[in-house]
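The next block holds one structure in the form of structure tokens; read it before the comments.
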Amino acid sequence: MWRRSPGGLVTAIAPVLQRREGAWIGWHGAPGEYLDPFEHDGMHLIPVPLSESEVELYYEGFSNATLWPLYHDVVATPVYSRVMWEAYRAVNERFARAAAEEAAENAVVWIQDYQLQLVPALLRRLRPDLRIGFFLHIPFPPVELFSQLPWRREIVEGLLGADLVGFQRPGGASNFIRLCRRLLGLQHHKNEIYVEDRVVRAAAFPISVDFGELDSLVREPHIIERAKEIRSELGDPECLLLGVDRLDYTKGIGQRLKAFGELLSEGSIKPGEAAFVQIATPSRERVEEYMRLRDSIELQVGRINGEQGELGQQPVQYMHQSYGREELASLYLAADVMVVTPLRDGMNLVAKEYIACRNDLRGALVLSEFAGAADELRQAFMVNPYDVDGLKRMMLAAMRATPHDLSRRMRSLRRRVATYDVDRWAKEFLASLES
Ligand code: ADQ
């Protein structure tokens, strides 16, 4: 019995692959297990094994304790460990070999994300006939931060094995181009970087959601019914605020809870007027920073409920669980205010999913300016999550906005997400790669 792993990359890639030919090479999520290729959900999947110790050193280590915090503005301190780096290199080699064996002559290979940044160059060495694309789902940091990395040169050279390197925001692409110049002394013209006898392009391709699928899902009577039921289970609050995230320190969950707690304690929100539901999907649970974060969020929730709640009524409902697509869609449909406040985020699909679910043109999106999505979703209630007072003001403004204002904003937000959906993202990337 296979289950999809929660998180942005899988959500985005699955519909793209289901509608095309091709194989998905990836780790299947169980350490130390060797599997043959198999079919699932209309996709051809080719598992690459990771040992127990590689999960620790490569996945939890170099990927999620080094690169993840470094690429997110060092909001947590990155770990620089040579053993972890060695594991990263070894696993990248394994993926490159797997792709080299699988790809047909002159095929297109599209490498996804920060865990595989060495694969483009390794693969090119094995298979110079291939077209190689790379997409980074998370932010690409400024030179000043990236330069901390002891293996910065290897990573940049790894990425430069691709013909096209894609980023979420134009800022990521320009950070990368600047880095190639500063670190390797490479010449460039606009977004073309000259690497020996080749040209590597760097450009932004903002990722999106399957708008059509969500839009029709929330029109189904059982979803509409479930959304009503959720509100009544919560005691029919005047205003329902919602947060949905992987439990990650980049997502600004603590900041939004602090703002909500202060609004309650100072009386700007009356008891019973508003309920906050925070869904926090378990994530990277063996990485130390994530354990600390979980403790601190749970402490914060306990404090707010202890101080501001009443018997039988708690202002914050916190769920440390993963949900199915239908339940998530019902939650989006039930929520008056969606609170998305990352301290740094490549894109943030939750913000776009919320918009795709609001064909009733109701609901307000509070969005951090540090999410990639902020470039496109200009009609959201924009916040700086580090500014608690500003965040409180915007949350209140979103709660108190008139239906007319909300529908005006939502109409324009929906136009954007409907036009630039995940299919368009994939098409534009692949068309650019093949041009
Ligand atoms: P993530 O950091 O995982 O993605 P995000 O883009 O918000 O962040 O995607 C999360 C996905 O997981 C959404 O599709 C959401 O519905 C799902 N999800 C969240 N909580 C869930 C729960 N409790 N149960 C089930 N599903 C849940 C990374 C980058 C982002 C980038 C994406 C895609 O960090 O910036 O937008 O990749 O490129």
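The values are calculated or read from the model by the stated rules, or taken from the named source; none is laboratory data. Every value quoted in this text rests on a predicted model; they were computed, and no experiment measured them. Virtual Cβ from ideal backbone geometry, glycine too; neighbours counted across all protein chains shown.
For residue 333, the criteria (1) of a type outside the set (S, T, N, Q); (2) more than 16 Å from the ligand (Cβ to nearest atom); (3) crowded, with 22+ Cβ neighbours inside 10 Å; (4) over 15 Å from residue 256 (Cα atoms) hold in every case but one, which is (2). Return only the number of the condition from (1) in a loop (DSSP other than H, G, I, E, B); (2) more than 21 Å from the chain's Cα centre (by Cα) that residue 249 does not satisfy. Single failed check for residue 249: (2). Set side by side, the residues 45, 35 differ, and just one is surrounded by 14 or more Cβ atoms within 10 Å (Cβ to Cβ) and either of a type in the set (D, E, K, R) or out of contact with any Ser or Thr (no Cβ under 6 Å at 6 or more places or on another chain) (or both), which is 45. Annotation: of all residues in the stretch 297-315 being among the aliphatic types (A, V, I, L, M) and away from the ligand (no atom under 16 Å from the Cβ), the one that is surrounded by the fewest Cβ atoms within 10 Å (Cβ to Cβ) is 311.
When the helices (runs of 4 or more DSSP H) confined to the stretch 328-435 are screened for residues that are farther than 30 Å from residue 107 by Cβ and at pLDDT 95 or above, those reaching at least 3 such residues are found at 349-357, 388-400, 403-419.
One residue alone among 86, 144 is surrounded by fewer than 16 Cβ atoms within 10 Å (Cβ to Cβ), in a helix (DSSP H, G or I), charged (D, E, K, R) and touching a residue at least 24 places away in the same chain (Cβ under 8 Å), and that residue is 86.
Which of the residues spanning the stretch 275-288 are surrounded by fewer than 19 Cβ atoms within 10 Å (Cβ to Cβ) and within 15 Å of the ligand (Cβ to nearest atom)?
Here is the first cut: in the stretch 275-288, the ones surrounded by fewer than 19 Cβ atoms within 10 Å (Cβ to Cβ) are 281-282, 285-286, 288.
If the condition is that a residue be surrounded by fewer than 19 Cβ atoms within 10 Å (Cβ to Cβ) and within 15 Å of the ligand (Cβ to nearest atom), then 281, 282, 285 are the ones that fit.
Taking the criterion of being among the β-branched types (Val, Ile, Thr) and in contact with a strand residue (DSSP E or B) (Cβ under 8 Å, 6 or more places away or on another chain), the residues of the stretch 18-69 that qualify are 25, 46, 48. From the list 314, 255, the one residue that fits, being within 22 Å of the chain's Cα centre (by Cα), more than 19 Å from residue 5 (Cβ to Cβ) and not charged (D, E, K, R), is 255. Among the residues of the stretch 101-128, those that are assigned to a loop (DSSP other than H, G, I, E, B) and over 23 Å from residue 205 (Cβ atoms) comprise 104, 105, 127, 128.
The number of residues in the stretch 37-80 being at pLDDT 95 or above, out of contact with any Pro (no Cβ under 6 Å at 6 or more places or on another chain) and of a type in the set (Asp, Glu) comes to 4. Hey, does the stretch 28-36 have a residue that's within 16 Å of the ligand (Cβ to nearest atom), assigned to a loop (DSSP other than H, G, I, E, B) and closer than 25 Å to residue 153 by Cβ? No, there is no match, as no residue in the stretch 28-36 is within 16 Å of the ligand (Cβ to nearest atom), assigned to a loop (DSSP other than H, G, I, E, B) and closer than 25 Å to residue 153 by Cβ. When we screen 6, 15 for residues that are touching a strand residue (DSSP E or B) at 6+ places or on another chain (Cβ under 8 Å), closer than 23 Å to residue 245 by Cβ and within 12 Å of the ligand (Cβ to nearest atom), the only hit is 6.
Within the stretch 414-433, residues that are closer than 15 Å to residue 15 by Cβ have Cβ atoms under 8 Å from residues that are surrounded by fewer than 17 Cβ atoms within 10 Å (Cβ to Cβ) and β-branched (Val, Ile, Thr) in these pairs: 430/108, counting only partners at least 6 apart in sequence or on another chain. Looking at the structure I just gave you, is residue 258 at negative phi and more than 16 Å from the ligand (Cβ to nearest atom)? Yes: the conditions hold for residue 258. Kindly indicate whether residue 73 is farther than 27 Å from residue 423 by Cβ, assigned by the TED database to the domain that holds residue 156 and within 16 Å of the ligand (Cβ to nearest atom). Yes. Of the residues that make up the stretch 92-103, is at least one more than 18 Å from residue 68 (Cβ to Cβ), within 16 Å of the ligand (Cβ to nearest atom) and at pLDDT 95 or above? No, the stretch 92-103 contains no residue that is more than 18 Å from residue 68 (Cβ to Cβ), within 16 Å of the ligand (Cβ to nearest atom) and at pLDDT 95 or above. With respect to the stated conditions, residue 69 fails to be crowded, with 16+ Cβ neighbours inside 10 Å and in a loop (DSSP other than H, G, I, E, B). Candidates are the residues of the stretch 182-205 that are assigned to a loop (DSSP other than H, G, I, E, B) and among the hydrophobic types (A, V, I, L, M, F, W, C); the one that is farthest from residue 159 (Cα to Cα) is 205.
For residue 74, the criteria (1) β-branched (Val, Ile, Thr); (2) without any contact (Cβ under 8 Å) to a residue 60 or more places away in the chain; (3) part of a loop (DSSP other than H, G, I, E, B) hold in every case but one, which is (2).
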